[in-house]
1. Out of everything in region 234-254 that is under 19 Å from Trp279 (Cβ atoms), without any contact (Cβ under 8 Å) to a residue 40 or more places away in the chain and touching a helix residue (DSSP H, G or I) at 6+ places or on another chain (Cβ under 7 Å), what residue ends up being least open to solvent (accessible area, probe 1.4 Å)?
2. Mind checking which residues of region 211-228 are open to solvent by 20 Å² or more (accessible area, probe 1.4 Å) and of a type in the set (Val, Ile, Thr)?
3. How many of the residues making up region 156-184 are out of contact with any Gly (no Cβ under 8 Å at 6 or more places or on another chain) and closer than 16 Å to Gly114 by Cα?
4. Kindly state which helices (runs of 4 or more DSSP H) lie completely within region 53-153 and contain at least 1 residues that are open to solvent by 10 Å² or more (accessible area, probe 1.4 Å), touching a Lys or Arg at 6+ places or on another chain (Cβ under 9 Å) and over 27 Å from Lys270 (Cα atoms).
5. Within region 187-212, count every residue that is closer than 17 Å to Gln236 by Cα and assigned to a helix (DSSP H, G or I).
6. I'd like the full set of residues that are buried (at least 19 other Cβ atoms within 10 Å of the Cβ), in contact (Cβ under 8 Å) with a residue 40 or more places away in the chain, within 18 Å of Leu240 (Cβ to Cβ) and among the hydrophobic types (A, V, I, L, M, F, W, C), limited to region 155-196.
7. Can you pull out the residues in region 255-275 that are crowded, with 18+ Cβ neighbours inside 10 Å and over 18 Å from Arg146 (Cα atoms)?
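The values are calculated or read from the model by the stated rules, or taken from the named source; none is laboratory data. Treat the numbers as computed from the prediction; the structure is a model and nothing was measured. Positions of Cβ are generated from backbone atoms using ideal geometry, with glycine treated the same way; all protein chains shown enter the neighbour counts. Accessible surface is based on the protein model in full, side chains and every heavy atom, while ligands, DNA and RNA are left aside. Shrake-Rupley method; radii C 1.70, N 1.55, O 1.52, S 1.80 Å.
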Amino acid sequence: MASSPLLSSTPVHLSRPLRTMVANLYSESLLHEVTVSRITYLSDNLKINGYLAHPNAEGPYPVLIWNRGGYGDTGALNDLIATLILGSTAQWGSAVLGTQYRGNAGSEGTESWGDLDVHDALNLVPVAETLPFCDMTRVAIEGASRGGMTTYRALTMDNRFKCAITHAGLADLFALAEYRGYLHDWITYATAHMSPAERERELGRRSAVYFAEHFPDNVPLLLLHGTADTRVPLQQSEALAAELARYGKPHMLVKINGGGHVALRDGSYKDVDRHRKAWLDEHLYGRK
């Protein structure tokens, strides 16, 4: 019998100040109703770190693969962020698994931004298959910022998803390379070793606006984007929505008025969560 891809799982125990922060941003009940754990699992024979959150009540529960943003260890999950994002989502009634990606946060391998890291997201699905509280007939995928890019690519590589969500997803790396935001220098650095032809090919391969026709016809995608996002401008999601409409792919673009870039500090997460939960209720949980 093949060994499990899940190598370890260790429950998170937050300090009292962090528990107070969770209670203030979400609710005290989140701390009692959900278990959040650090996990290590196998992806392409690499040991990858991540997080798992699930309700304490008996399942089975639908599964959500959640893809983080950032690059390198910038934007990596930690115990608090995993509890705030994955844990609060799990409280709605799902098992939520998130990867740190290869080369990041103690994971083996080398950072592979928008490339082999997609495998690290998809390889959470066989991890979920080994968990008794996971309902593998109901699986969704979600990503924020860089995780949106991961999600877009994953949708063209795997047909197991019932629905998808992105928040400020990267959809056109050519435009972001020209935009003088925080990703400009990273894209320049990540492609510095490439020839012009290689750079053209690799940025195109990671940019969903150029492969929208390959999105599935039966997986509804919710695009969320803050109107005040100065890191990944709203035009990224608007451009992808236009391409999805061109090819007749099921989607909805929701603009979060005044929302910044995937941030808790501006309070827009409450509006974001309202739309996320409604989408999952309809397309994953079957509550509508």
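1. Residue satisfying both the conditions and the ranking: Leu244.
2. Passing the criteria: only Thr227.
3. Qualifying residue count for the region: 9.
4. Those helices (runs of 4 or more DSSP H) span 117-122.
5. Final tally of qualifying residues: 9.
6. Leu155, Phe161, Cys163, Ala164, Ile165, Ala168, Leu170, Ala171, Leu173, Leu176, Leu183
7. Narrowing region 255-275 to residues crowded, with 18+ Cβ neighbours inside 10 Å: 256, 259-262, 268-269, 272.
Once the filter is applied, which keeps residues that are crowded, with 18+ Cβ neighbours inside 10 Å and over 18 Å from Arg146 (Cα atoms), region 255-275 yields Ile256, Ser268.
A quick yes/no check of all residues on (1) in contact with a strand residue (DSSP E or B) (Cβ under 9 Å, 6 or more places away or on another chain); (2) closer than 28 Å to Gly259 by Cβ; (3) not aliphatic (A, V, I, L, M):
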residue	(1), (2), (3)
Gly93	yes, yes, yes
Arg102	yes, no, yes
Ala144	yes, yes, no
Ile165	yes, yes, no
Ala177	no, yes, no
Thr191	no, no, yes
Met194	no, no, no
